[in-house]
Amino acid sequence: MAERIVTKLSPCLLLLVLGHAGLAVAGEKKADARVADASAELFNSGKVLQISIELGNKELDALRREPRKYVKATLKLGDKIVYKDVGVHVKGAAGSFRHIDDKASLTINMDKFDQEQLFFGLDKFHLANSLQDATYIQELICGEWFRAMGVPAARVAHAVVTINGRRRGLYYLKEGYDRVFLKRWFKNADGNLYDGGFLREIDQPLQLLSTRKDVNNHADLKALAAAAREGNPQVRCQKLDKLLDLDQFLGYMALQVFTWDWDGYPMNRNNYRIYHDPVRDKITFFPSGMDQMFGDPNGPALPVFQGFVSRALIETPEGKKRYLAKMQEVVQKVYQPKQTQARLDELQTRVQAALTELDKNAGRDYPHHVNRLRQAIPQRAKSIEEQLKRLMK
């Protein structure tokens, strides 16, 4: 069968793409529903995709000089579906960054140069090299827990990635935080979306990723910072409640601590996004970059919160009380031993098979990495439960 060039992904072509990828769309649905459900089909399938990126010499040299700047590329799914003029740039921080000639992490922007092009209903997604997570599943499983608590978090799949004919290895595919993502979580995606950057606080000039018809000059973040500075603890909690989606933020904080995401906003002012919902005039925090989790299964349930908003809230009697209650809810709702272990079994089978095909030694060693999570997750739950008994007396 000849290659099919995909430029504008109609619902019919979407079904063809799903079929070639080994994914299924159940039942007869309206065309727009098929497009809307396409990303769910991708992330729920359990399939490891085969993705190839082709770069011309000019574009390859450009990424060597300026890795963060988008260039045009061709993306191929399997050996049948081809997307032309896709935007690609190298991503990653100090621990995970690799150059384009190595196992580089990539950001893919489907409509950077073609405004109607999508990939399984996604506009932007990332191919992460997982160099700081030998399990390849920490962001996936933690993201599921955040979403179960009503906290927006990116979904994750897996792919074997080839760049210019050379296999670079197994990656995890993570949806991007963009307007497509926002539309799944909010009635209005026109608000201000900020990138927390590296060790930056909300009163610093955070990068504005997207906005339409929302407040200007970081007025939303300035108001939140002012509320966090309020001297009266009772009034401070009331002001934060007015500006934050407070129940969601407490769930975010509790899960960050439960999973011991030491490099997130609450404990380190890092790896986070912020969205201002213009309909409710509320601010929501998202986790990002969850690849170093459960490093201290016995870490304190009330750690030192370096994040300004987290610290301001936990230092109020009402904020602390609601945080501990939310932490208890996390243990009861998120960590269910049988389901968690079954999920680890399922993910281990998927990833180990892909790794073994690429490198038998890596496949053989893989269970050792997952076993760390098998031990750390129940130990963390036990530690938190014991600490909560003392803290909630």
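The values are calculated or read from the model by the stated rules, or taken from the named source; none is laboratory data. Keep in mind that this is a model prediction, so the values were computed, not measured. For neighbour counting, all protein chains shown are included, and Cβ atoms are generated from backbone atoms with ideal geometry for every residue, glycine included.
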Which numbered condition Y177 fails, given (1) farther than 24 Å from F285 by Cβ; (2) out of contact with any helix residue (DSSP H, G or I) (no Cβ under 9 Å at 6 or more places or on another chain): (1)
message: When you scan the stretch 100-109, do you find a residue that is assigned to a loop (DSSP other than H, G, I, E, B) and in contact with a Pro (Cβ under 7 Å, 6 or more places away or on another chain), even just one?
response: yes
- request: Could you check, for the stretch 334-341, whether at least one of its residues is surrounded by 13 or more Cβ atoms within 10 Å (Cβ to Cβ) and under 16 Å from V257 (Cα atoms)?
  value: yes
message: Tell me whether the stretch 70-83 contains one or more residues that are in a strand (DSSP E or B), of a type in the set (F, W, Y) and touching a residue at least 12 places away in the same chain (Cβ under 8 Å).
response: yes
message: Only one of T356, T316 is at pLDDT 95 or above, in contact with a helix residue (DSSP H, G or I) (Cβ under 6 Å, 6 or more places away or on another chain) and over 21 Å from T135 (Cβ atoms). Can you tell me which?
response: T316
- request: Scan the stretch 344-359 and give yes if some residue there is farther than 26 Å from D263 by Cβ, small (G, A, S) and out of contact with any strand residue (DSSP E or B) (no Cβ under 7 Å at 6 or more places or on another chain), otherwise no.
  value: yes
- line: Counting only strands (runs of 3 or more DSSP E) wholly inside the stretch 160-228, the ones holding at least 3 residues that are touching a strand residue (DSSP E or B) at 6+ places or on another chain (Cβ under 9 Å) and not aliphatic (A, V, I, L, M) are 166-175
statement: Matching residues in the stretch 35-53 (touching a Ser or Thr at 6+ places or on another chain (Cβ under 8 Å) and buried (at least 18 other Cβ atoms within 10 Å of the Cβ)) number 3
- prompt: Out of V351, V330, which single residue is part of a helix (DSSP H, G or I), touching a residue at least 12 places away in the same chain (Cβ under 8 Å) and closer than 19 Å to M267 by Cα?
  reply: V330
field: Residues of the stretch 231-245 that turn out to be touching a residue at least 60 places away in the same chain (Cβ under 8 Å), over 21 Å from G197 (Cα atoms) and not basic (K, R), as a count
entry: 4
- request: Could you list, in sequence order, all residues of the stretch 67-86 that are buried (at least 19 other Cβ atoms within 10 Å of the Cβ) and small (G, A, S)?
  value: A73
task: Within the stretch 309-318, identify whether any single residue is among the acidic types (D, E) and part of a helix (DSSP H, G or I), and answer yes or no.
output: yes
- request: Taking the options G87, G95, name whichever one is under 17 Å from E59 (Cα atoms) and either in a loop (DSSP other than H, G, I, E, B) or free of Cβ contacts under 8 Å to residues at least 40 places away in the same chain (or both).
  value: G87
